[in-house]
Amino acid sequence: MQPIAFCGRCRGMKVGWNRNYVFHRLVCQELFVKSLKLLILTVIVSVFIFAFPTATGVVFSDLTPVVAPTSLQAESKAPSIDPLVQTIEHFLKPYSIEDTLRGRVAKAIVESSKKYNIDPRLVASIVIVESRANPYAISEADSVGVMQIHLKTWGRIAERENINLFNVEDNIGLGVRILKGYVARHGLWEGVMRYRGWLDNPESHQEAADYAQKVRKIYEPKAEGPVAADSETQ
């Protein structure tokens, strides 16, 4: 026989999964209210746990292991320097050229020399004789910059091509181009003499020869004898 339950509100009812008994359990015995309170309490506790986590001795900020770069990796990321630039910079060093300027001049010499197929040591030797790499040098003959570009001869080309002759790179670029043209037409040392401004008269020839000899002493310190104006192109 199925048991019977009694309630002052619901009166007698059969115990089991029937409408009267379930309503009695939920309402009369406050199970629903208790369950609701428990649910609300659980939600509140959960919010506090996630909003204010308990501090611990370990913080997992990043699960990806950090690997210290090896010396090989560090070297591979460093910008590479052309060894030839370093060689020319070392070549210029004994001639009292500013440290902050020497590397820039060496780089410009190497880049222009490669472009026009001229020995960068020769260009560096001319730079030393002409101005000691002073980008603001101006001579009495109105030649300016690192390679002393003669304004009366080359000023129009510089103006037409928007070349700033007081800029290291621009001046060396035009100077090496001029030198290449002379060397291609006249040979190495006569080309250097022409770069100096050799005119067809004895006095100018001697000045140009003396100039070429100064360049040669820097370019080929062990060479002996005067320069030959008919040397082959290098």
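Rule-based calculations on the coordinates, nothing more; no lab input. Keep in mind that what you see is a predicted model, and the values were worked out from it rather than measured. Counting neighbours? That spans all protein chains shown, and the Cβs are built from the backbone with ideal geometry, glycine included.
Tabulated data for the structure shown
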| read-out | value |
| --- | --- |
| Filtered GluC sites (Glu not before Pro), segment 110-181: DSSP coil and at most 13 other beta carbons within 10 Å | Glu140, Glu161 |
| Amide H within-cut-off set for Ile149, under 5 Å, with H built and near neighbours excluded | Val144 |
| Semi-axes of the equivalent ellipsoid for segment 83-219, Cα gyration tensor, largest first, Å | 21, 17, 14 |
| Ranked Tyr136, Tyr116, Tyr219, criterion: other C-beta atoms within 10 Å, fewest first | Tyr136, Tyr116, Tyr219 |
| Listed pairs Lys93/Lys214; Lys115/Lys214; Lys152/Lys214; Lys107/Lys180 exceeding 20 Å between Cα atoms | Lys115/Lys214; Lys152/Lys214 |
